[in-house]
Amino acid sequence: MAVLARSILVTGSNRGIGLELVKQLVEMSDPPEHIFATCRDPDGPRGRALHDLADKHPSIHVVQLEVENQSSVKAAVAIVQSYLEGKGLNLLINNAGVDTYDTLQTVEQQEMLCTFNINVVGPILVVKEFLPLLKRAAKEAETEGMSCSKAAIINISSKLGSIAQGFEVMLDPFYAYRASKAALNMVTACLAVELKGDEILCIAIHPGWVKTDMGTEKAPLTVQHSVQGILKVLASLSSSSTGTLLDWEGRRIFW
Ligand SMILES: NC(=O)c1ccc[n+]([C@@H]2O[C@H](COP(=O)([O-])OP(=O)(O)OC[C@H]3O[C@@H](n4cnc5c(N)ncnc54)[C@H](OP(=O)(O)O)[C@@H]3O)[C@@H](O)[C@H]2O)c1
């Protein structure tokens with residue numbers, strides 16, 4: 001695959017879909033120059049696999065970033081900026097997220113708020129703080145239109161957050177998770193409208209039901225297969241894709 005983008009940042013990249021994104025990005029025939037692999041606890045036991053990978057690839061920079069903690073996000077911006085040496089950030093992938101298994105009987109206020117904080121407030125804060133670097137990348141590009149190689153925001157959402165199609169796959173309510181992903185979809189649509197003039201592409205993507213800690217062993221899709229699909233979709237995006245929700249095979253999902 002040709003170069004997807006010169007610089008890419010992934011949140012929640014120490015396990016699951018995030019870690020596999022970093023693995024496949026670095027293994028591309030034309031890999032990005034900088035991969036900012038962020039996670040909330042890089043020095044803890046859950047950061048081990050990411051550090052092992054980064055030790056083999058100098059283009060991977062492991063950066064601490066807890067999505068709902070504004071000072072952590074600001075500190076991450078400063079580190080990313082120091083590597084970019086005056087250039088912009090091309091691609092921001094908001095992947096970090098948490099799930100819930102609540103019903104109307106079991107749902108708790110604190111769980112709802114915590115899920116919203118990570119799945120909705122977090123991505124907004126991350127975009128807000130990295131926006132100057134994304135705008136810089138868009139301005140630097142000598143191409144017309146939108147693409148991931150120029151400047152883009154990808155929100156890893158879920159079909160479960162789609163009001164139109166989210167009950168085709170599963171009937172469980174999962175109030176906090178579904179509502180948070182529906183909100184993230186709206187955030188994506190708002191960003192697409194607001195950032196159109198800056199030629200920053202914004203989409204939400206559903207990775208499929210994937211075998212990760214979140215998706216569990218019961219999921220039909222391997223993480224390798226899902227991420228291969230996601231990267232193919234990202235490479236194909238253009239101005240006409242902005243403001244949409246797509247699945248890992250590039251199919252449109254209605255909000
Ligand atoms: N797996 C599926 O079937 C599926 C389906 C649809 C959508 N998705 C979406 O895909 C994304 C990745 O899911 P996954 O399956 O890879 O989940 P996962 O295996 O549970 O990994 C979640 C990642 O998010 C990180 N994270 C959680 N809270 C964070 C925070 N506050 N700040 C920074 N990082 C945080 C975790 O870090 P720690 O290790 O520190 O906890 C971990 O790296 C999520 O947004 C999820 O909603 C997944």
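When N counts the residues of the range 75-158, how does its alpha-carbon radius of gyration compare numerically with 2.2 N^0.38 Å, as a ratio?
1.39
Which three numbers, in whole Å and largest first, are the semi-axes of the equivalent ellipsoid of the chain derived from its Cα gyration tensor as √(5λ)?
26, 21, 18
What order do you get for 122-131, 92-101 when each peptide is scored by the mean count of other beta carbon atoms within 10 Å, highest first?
92-101, 122-131
Could you check the spin-label model distance between D213 and R252? Points 7 Å from the Cα along Cα→Cβ, value in nm.
3.7
Placing +1 at every Lys and Arg Cβ and -1 at every Asp and Glu Cβ, with all other atoms neutral, what dipole size does the chain have around its Cα centre, in debye to the nearest 20?
Its charge dipole is roughly 300 debye.
Residue farthest toward the positive end of the dipole of the chain, with Cβ of Lys/Arg at +1 and Asp/Glu at -1: which of V63, G97, V10?
V10
Which chymotrypsin sites (Phe, Trp or Tyr not before Pro) does the range 142-251 hold that lie in a coil by DSSP with at most 16 other beta carbons within 10 Å?
Counting only loop positions with at most 16 other Cβ atoms within 10 Å, the chymotrypsin sites (Phe, Trp or Tyr not before Pro) in the range 142-251 are F167.
Among DSSP bridges having both ends in the chain, what percentage is antiparallel? Round to the nearest 5.
Counting only bridges with both partners in the chain, antiparallel ones make up about 5 percent.
Determine, for S82, S72, S239, the number of other Cβ atoms within 10 Å of each Cβ, and report the residues in order from fewest to most.
If I rank by nearby Cβ atoms, fewest first, I get S82, S239, S72.
Of all GluC sites (Glu not before Pro) in the range 133-178, which ones are in loop regions per DSSP and have a Cβ with at most 13 other Cβ atoms within 10 Å?
The qualifying sites are E142, E144, E168.
In which sequence would H57, H206 go, from the one with the fewest C-beta neighbours within 10 Å to the one with the most?
H57, H206
Could I have the simple spin-label model distance between I163 and E194, label points 7 Å from Cα toward Cβ, reported in nm to one decimal?
For the pair I163/E194, the computed spacing is 2.1 nm.
Mind checking the full-extension length gain between D43 and L104? Use 0.36 nm per residue of separation minus the Cα-Cα distance, one decimal, nm.
18.2 nm
Distance in nm between label sites at D30 and H225, each 7 Å beyond Cα in the beta-carbon direction?
If labels sit at D30 and H225, their model points lie 2.9 nm apart.
Mean Kyte-Doolittle of at least -1.0 and a Cα length of 18 Å or more along the axis: which whole DSSP H helices of the chain meet both?
70-84, 122-140, 175-195, 223-236
Set the Förster distance to 22 Å, then compute FRET efficiency between A75 and D52 from the Cβ-Cβ distance, nearest 0.05.
Once rounded, the FRET efficiency stands at 0.40.
Could you line up C148, C114 from fewest to most neighbouring Cβ atoms inside 10 Å?
The order, fewest Cβ neighbours first, is C114, C148.
Throughout, read-outs are computed from the coordinates displayed, never taken from laboratory work. Here the structure is a predicted model, which means the values were calculated and not measured. Methodologically, a virtual Cβ is constructed for each residue, glycine included, from the backbone with ideal geometry; neighbour enumeration extends over all protein chains shown.
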